[in-house]
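Report on one structure; see the data block that follows.
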Amino acid sequence: MGPPMNPVAGPGLVGVSDERTARSDEVDDVAGVAERTQPAPGTTAAVQAEALVKHYGGRSGTVEAVRGVDLRVEAGEIFGFLGPNGAGKSTTVRMLTTLLSITSGTARVAGVDVAREPDAARRRIGVALQEAGLDPRQTGRELLVLQGRLFGLSVHEASERAGQLLALVELEDAADRRIKGYSGGMKRRLDLASALVHEPDVLFLDEPTTGLDPVSRLTVWEELQRINGRGTTVFLTTQYLEEADHLCDRLAIIDGGLIVREGTPAQLKADLRERRGLGSDPTLDDVFLDATGRTRDRVAGDVQEVSA
Ligand SMILES: Nc1ncnc2c1ncn2[C@@H]1O[C@H](COP(=O)(O)OP(=O)(O)O)[C@@H](O)[C@H]1O
Ligand SMILES: [Mg+2]
């Protein structure tokens, strides 16, 4: 459904503005990327990363932010990427979405190598980052129409698409008001809609609900489920374990740049239950604490709202 897509080739047209891509202090070392191929098990993965590494270079030395991450997300999944602050979540998402160069390893989105074919990869992905780059003087509808035009839609197609997306994120009533007057939750939902203008196969969200009140958070959850129900694969990072438990088909926990657990929420709980010989299933909080070696006290300092 929706209009035919004819996205303009070029950087920055993913519902991602260029100022968000600039990182002066990254180590630009895309050379030495080794091609590692696995026998394709049937379908093309929505996201596939192999031995993904990111080193940031700075005056105070090199930060090994991501130290060898392997990921496979199947088409149609909602995949959760959890970890404490500084674990490497945003760095991984930025590499997967072409916003940051890859130090070593490979990443494919919808079968497209993000380092070799960034423009093609960008056409397959939508990105909503925490720091939404919305122009406060525009209305929600204007923003979406402009975004559609940037992706090569006609005026008519762009306006039709904007209407569909405004309905999808339940912003029809506010559509013709300036973004300046939107609440945090409304801005987040508009940013979600703008990431969907070009009908991406995979939607990446970096902490889509951080800082939202509980009602807005539930609304975003519903919208993500609706978007996923229409066939879009969703890759989200979150610090909220309740969110991961509720939304995600599968999840990975990253700590110190390495994946320390991976599975469905039920599998991860069952594994811990068996390992500890518990009488009933632990919570995802318990799994997270076990995986990251953190205590509840430290978590309270490190991670917001870890206890659901
Ligand atoms: N631009 C940067 N330059 C140097 N270090 C960075 C930069 N961005 C992130 N880091 C460091 O990389 C590590 C992972 O950060 P990040 O991916 O933002 O973690 P998360 O999103 O899980 O909180 C942290 O130690 C962080 O301080
Ligand atoms: Mg982050």
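Throughout, read-outs are computed from the coordinates displayed, never taken from laboratory work. Please read all numbers here as calculations on a predicted model, not as lab measurements. Virtual Cβ from ideal backbone geometry, glycine too; neighbours counted across all protein chains shown.
Structure data summary
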| quantity | calculated |
| --- | --- |
| Under 5 Å, built H, 5+ apart or other chain: amide partners of R67 | K54, L258 |
| Kirkwood Rh in Å, taken over all unlike Cα pairs in the range 18-302 | 19.8 Å |
| Estimated inter-spin distance, E117 and W221, nm [label 7 Å along Cα→Cβ] | 3.8 nm |
| Two-site label geometry, R59 and E160: point separation in nm, points 7 Å out along Cα→Cβ | 5.5 nm |
| Placed amide H near D255: partners under 5 Å, 5+ positions off or other chain | V260 |
| Fewest-first ranking of M95, M186, using other Cβ atoms within 10 Å as the exposure measure | M186, M95 |
| Average Cα contact separation per residue, the range 18-302, under 8 Å, 6 or more apart, as relative contact order % | 21 percent |
| Karplus 3J(HN,Hα) series, Hz, for the range 119-129 with 6.51 cos²θ - 1.76 cosθ + 1.60 (x for Gly, Pro) | 5, 5, 4, 4, 6, 8, 10, x, 9, 10, 9 |
| Theoretical gain in end-to-end length, Q267 to D173 [0.36 nm per residue, Cα-Cα removed] | 29.7 nm |
| Fewest-first sequence of R275, R94 by Cβ atoms within 10 Å of each Cβ | R275, R94 |
| Alpha-carbon Debye profile of the range 84-221, log10 I(q)/I(0) at 0.17, 0.19 Å⁻¹ | -0.96, -1.13 |
| Two-site label geometry, D249 and R275: point separation in nm, points 7 Å out along Cα→Cβ | 2.5 nm |
| Packing-based exposure ordering (other Cβ within 10 Å, fewest first) of S101, S194, S90 | S101, S90, S194 |
| Virtual paramagnetic centre 7 Å along Cα→Cβ of Q138, amide N under 17 Å, in the range 157-186 | 157-167, 169, 171-172, 174-183, 186 |
| Distant-in-sequence amide H partners of R250 (H built 1.01 Å from N, under 5 Å) | I78, G80 |
